[in-house]
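Presented below is the structure to which this report refers.
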Amino acid sequence: MLEELTVTAWQYFGHDRLYVNLPDGTPIGWADRRTGGITVVHARYRDDVTDMLARRAPELLTPAEPDVRVHPGAFDTPSADPPARSAPPVKPPVPSAESLVPSAEPRPSGMPPAPSAEPRPVPPAPPAPPRSAAPPSTRPARSAPPLRPAGLPELTPETDLASQRPGATLRATAPEAGPGESGLLERLSSRVQRRRPMDAARRKELLGERRTGAELGRLTRHGWRVLHSIPLPDGGDIDHLLIGPGGVFSIRTEYHPQQSVRAADDTVTVDDGDPRPYITECRAEAALVQQALERHTDFPVTVQPVLVLVDAASLDVAATQTGIRVYRERQLSALAPLSGALTAHEADRLYDIARRRGVWAGA
């Protein structure tokens, strides 16, 4: 088994790790070079991960028992972890079988050590007895959980949302503007591109989503992934979905040029007008995204709602407003340094799920 595993170095988001991978590239554990801690994705990989790390980076494993923990997204509960090994991790050279099996005092004068090993009731064992003594029935479970759980919709160029532009759903579902509802430039542009002209209100919404999309695009240099205009069965959409080291964020855009906006606990008012349910709608969208993603993962997913007010003259957020993040479009840069919520493997997996149009068909 050890000969089939690989060890790769990973340095990103301020982390410095060594990953132990299965032959297909799936990580089964890693060591943090800064803290010396070791994490395994499943209790049954504990020995394999520590043995491989002992070969690649012996300085991480001291003669004392290393600090090994099972990742919280693993299938095993902490009580299911195997007992700690009493022997230190394997370090070359490998001890011989004779050194592991004590012999009685009369043995050297009566019988040579090699022949006497055959009738002994305990066969020679490698330094990690629990692994070699495991019953054969536990060995087929060596493979890690598949990257794509059963039932995950197929990914094709037609169903890949990674190429979806900001406002694409808004553009596709916009009713055709009536006479006088669209400007001359919009009518000429629509005619050249062979699409329906949009009225003034829809054009403003589209401009807001594109402005927010441009700001989110700046975060990709920090390791974030962005999806835009995720279509929903009811004809609506998730304006933007941001996935990265700091977690998953469901982002809703509202365009209020040169208007004063105040966000309270559950409502938003614009120029002291009637309350608008933007915050309630943001929370509902985040819950919908969480349910859609968790249907295809084996670990819990937390989705944080974000409301972006584009081109607002002023934005006042009440001190009691802690349920969601309320930003102007330029303030989205505050998300860039966030980290620690997802591992690189988890973020890649969630992005692979979210980009599939079929995932949202039943949302």
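The values are calculated or read from the model by the stated rules, or taken from the named source; none is laboratory data. Keep in mind it's a predicted model, so treat the numbers as computed, not measured. Every residue, glycine among them, receives a Cβ derived from its backbone with ideal geometry; neighbour counts consider all protein chains shown.
Key figures
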| quantity | calculated |
| --- | --- |
| Output for the stretch 286-311, where each listed residue is more than 19 Å from the chain's Cα centre (by Cα) and outside any strand (DSSP E or B) | 311 |
| Residue 254 vs. criteria out of contact with any Asp or Glu (no Cβ under 7 Å at 6 or more places or on another chain) and surrounded by 15 or more Cβ atoms within 10 Å (Cβ to Cβ) | yes |
| Filter result for residue 309 (buried (at least 22 other Cβ atoms within 10 Å of the Cβ), modelled with pLDDT of 95 or more and under 20 Å from residue 331 (Cβ atoms)) | yes |
| Qualifying residue in the stretch 319-332 (condition: closer than 22 Å to residue 236 by Cα and without any contact (Cβ under 8 Å) to a residue 12 or more places away in the chain) | no |
| Test: residue in the stretch 217-224 that is assigned to a helix (DSSP H, G or I) and either of a type in the set (Lys, Arg) or farther than 17 Å from residue 336 by Cα (or both) | yes |
| Among residues of the stretch 138-168, those that are at pLDDT 75 or above and in a loop (DSSP other than H, G, I, E, B), counted | 13 |
| Verdict on residue 67 being surrounded by 16 or more Cβ atoms within 10 Å (Cβ to Cβ) and either in contact with a strand residue (DSSP E or B) (Cβ under 7 Å, 6 or more places away or on another chain) or modelled with pLDDT of 55 or more (or both) | no |
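Residues are listed down the side, and each one gets a yes or a no for (1) β-branched (Val, Ile, Thr); (2) in contact with a Lys or Arg (Cβ under 7 Å, 6 or more places away or on another chain); (3) modelled with pLDDT under 95; (4) more than 17 Å from residue 164 (Cβ to Cβ):
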{"position": "183", "(1), (2), (3), (4)": "no, no, yes, yes"}
{"position": "187", "(1), (2), (3), (4)": "no, no, yes, yes"}
{"position": "190", "(1), (2), (3), (4)": "no, yes, yes, yes"}
{"position": "194", "(1), (2), (3), (4)": "no, no, yes, yes"}
{"position": "206", "(1), (2), (3), (4)": "no, yes, yes, no"}
{"position": "212", "(1), (2), (3), (4)": "yes, no, no, no"}
{"position": "224", "(1), (2), (3), (4)": "no, no, no, no"}
{"position": "228", "(1), (2), (3), (4)": "no, yes, no, no"}
